[in-house]
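Reading through the structure tokens given below for one structure.
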Amino acid sequence: MQRIDETIVVTTNQNGEPIGFQWRNRGFLVNAKPVRWFARREWWIEAARVQRGIGAGVLEVEMWRLTAACTEAADAIIAQYEIIHSALDGSWRLSRIYS
């Protein structure tokens, strides 16, 4: 497992499920149904502070685990990726890679 903490651009389907993402100027295509769950935000690590009492999104983040392959690589190695969707600002971050 490789821990990453980088912003990515995610494309979703009509149900809000990730179907692809861009990371480090490369495109990745999701090739299996992603799994969604909610986890507690690592607020003790993050630099940003949030106002008290503004909602559930302060403590919880939407997590996705997906299997994807790089669309721009000749070998197209398939790996599992964990990404985080923040309800606070709508941003997506790549959290972990399992190869």
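Readers should treat all values here as calculations from the given coordinates under stated rules, not as data from a laboratory. Keep in mind that this is a model prediction, so the values were computed, not measured. Backbone-built Cβ (ideal geometry, glycine too); neighbour counts: all protein chains shown.
If you take all other residues with their beta carbon under 13 Å from the beta carbon of Arg36, and give Lys and Arg +1 and Asp and Glu -1, the sum is -2.
For Asn31, the residues whose modelled amide H falls within less than 5 Å of its own, excluding neighbours fewer than 5 places apart on the same chain, are Thr67, Ala68, Ala69. All other residues whose Cβ lies under 12 angstrom from that of Ile8 are scored, Lys and Arg at +1 and Asp and Glu at -1, for a net of 0.
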